[in-house]
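Asker: Below is one structure. I have some questions about it.
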Amino acid sequence: MNQADDLLNALADIAPDSDLAQARQVRHAATQHTQGSYAVLFGQQEDDFPLPERLALAAQLAEWHDQPGLQAHYLHLRSSQPGGVSERDRAAEAFARRLTFEPVSAAPAHIAELQQAGWSPRGIVTLAQLVAFISFQSRLLAGLRALQGDVAQADAPPVVAGHWHDAPHTASGKTAVTAFTQRELGWEPWLAAKPLAEFSADEQATLAKFGHSDSDYFRLLARNLPLLEQRTLTDKGIFYTAGGLPRAERELAATVVSKVNGCIYCASVHARKASQLAKQDDAIQKLLNVAPGAVLSHGQSPRWQALIAFAAALSVTPARLTQQHIDAVRDQGLDTLALLDLIQSSAFFAWANRLMLTLGEPFLPQQQG
């Protein structure tokens, strides 16, 4: 990718001949499609979520994430766009604040509030994607800058497990999931997924290529299919690449972030993968069993303690990464490429959790008799 077309490279001021620049080139697909996701989000010209509204909200989100350089970027783009503040904008900002700071508190009523303010289903999906993407982009930027020394030097208290849903039933009356688990779970949307028959033949082919055709979650996100496509390619570029941080530990990072955010569904998928790949079922279950407010790394191996503390510190809003976190994982043998993998895996689940928690909820599938 041309460095001039790489926003994060510019904002993090990455030297072209540095180890970090080389590592991002090795992870070319993740770098390319992170930029591609940005380009789709801020290149679409659509009435259901006009560009001036997107840019204004992005600037606010960057401020909440304590990323002044990113905020200035979106404010600069916003200055050339007309706009005002409407009831629709106020509803979007309230929704965005909730997703940014406490995504686990999202409920079907908050989707209904957006609809009452005039938001279309496609607009709501794009809004949720934008909030979740800036959560990802901000953490990537924080991590990239931290690797270059722009990081807090003082130690910080460890990030603890967040709380999660404890209601016994879902909005539709299914049996809810009230504890973290490695079981396979169902997930139901609060906003209707788009029926497969309503997609064009080309769109159906795109869904099929990624295995998304039969998933309510992905057919809901496919209300903005170009954005879903870039997001899926970003995911693959982060998690399905050779070398660097072992895949099991990328999945571990995803599980940690899900514990911080209270996302039981994401944790179930990625804890199961981490357990299978690392062959450390007891250690993964110990992580899942951590109670709200308790330290996530307790009782883990020294290496996993360092990885868990790093991923957790990057997962709060704003991120609380320190030099101590970087030193701890370097002491466990992580080089720059592995550190980049850890940052990208952790940051991506700031995105994934916010969609899963905002647009629907998990349930326990009925046991087959």
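Asker: Please go through (1) touching a Pro at 6+ places or on another chain (Cβ under 7 Å); (2) crowded, with 18+ Cβ neighbours inside 10 Å; (3) not β-branched (Val, Ile, Thr) for Asp66 and return the number of the only condition it doesn't satisfy.
Answerer: (2)
Asker: Here is a follow-up. How many of the residues in the range 170-189 are of a type in the set (A, V, I, L, M, F, W, C) and either assigned to a strand (DSSP E or B) or in contact with a Lys or Arg (Cβ under 6 Å, 6 or more places away or on another chain) (or both)?
Answerer: Going through the range 170-189 one residue at a time, the tally reaches 2.
Asker: Could you give me the residue pairs with C-beta distances under 8 Å whose first residue belongs to the range 342-355 and is free of Cβ contacts under 8 Å to residues at least 12 places away in the same chain, whose second residue is of a type in the set (A, V, I, L, M) and assigned to a helix (DSSP H, G or I) wherever it lies, and which are 6+ apart or on separate chains?
Answerer: Once the first residue is free of Cβ contacts under 8 Å to residues at least 12 places away in the same chain and sits in the range 342-355, no partner that is of a type in the set (A, V, I, L, M) and assigned to a helix (DSSP H, G or I) comes close enough.
Asker: Are there any pairs with C-beta distances below 6 angstrom linking a residue in the range 150-163 that is farther than 14 Å from Ala312 by Cα to a residue that is among the β-branched types (Val, Ile, Thr), with the two at least 6 apart or on different chains, and if so which?
Answerer: Ala152/Thr322
Asker: Counting only residues that are among the polar types (S, T, N, Q), within 23 Å of Val26 (Cβ to Cβ) and not in a helix (DSSP H, G or I), how many does the range 279-337 have?
Answerer: 1
Asker: Could you name every one of the helices (runs of 4 or more DSSP H) located completely within the range 196-250 that has at least 2 residues being on the phi > 0 side of the Ramachandran plot?
Answerer: none
Asker: Residues that are modelled with pLDDT under 95 and aliphatic (A, V, I, L, M): does the range 111-124 have at least one?
Answerer: No, there is no match, as no residue in the range 111-124 is modelled with pLDDT under 95 and aliphatic (A, V, I, L, M).
Asker: Next up: Could you tell me whether the range 216-236 includes any residue that is at pLDDT 95 or above, over 26 Å from Phe49 (Cα atoms) and under 17 Å from the mean Cα position of the chain (by Cα)?
Answerer: yes
Asker: Can you find, within the range 208-261, the residue that is surrounded by the fewest Cβ atoms within 10 Å (Cβ to Cβ) among those that are of a type in the set (Val, Ile, Thr) and without any contact (Cβ under 8 Å) to a residue 40 or more places away in the chain?
Answerer: Thr232
Asker: More than 17 Å from the chain's Cα centre (by Cα), more than 26 Å from Trp119 (Cα to Cα), of a type in the set (Asp, Glu) and outside any helix (DSSP H, G or I): is that true of Asp47 in this structure?
Answerer: Answer is no for this residue.
Asker: While we're here: Gly118 versus (1) in a helix (DSSP H, G or I); (2) in contact with a helix residue (DSSP H, G or I) (Cβ under 7 Å, 6 or more places away or on another chain): which is the lone unmet condition?
Answerer: That leaves (1) as the condition not met.
The values are calculated or read from the model by the stated rules, or taken from the named source; none is laboratory data. The shown structure was predicted, so the numbers you read here are calculated from the model rather than taken from an experiment. Here the Cβ is made from the backbone with ideal geometry for all residues, glycine too, and neighbour counts use every protein chain on show.
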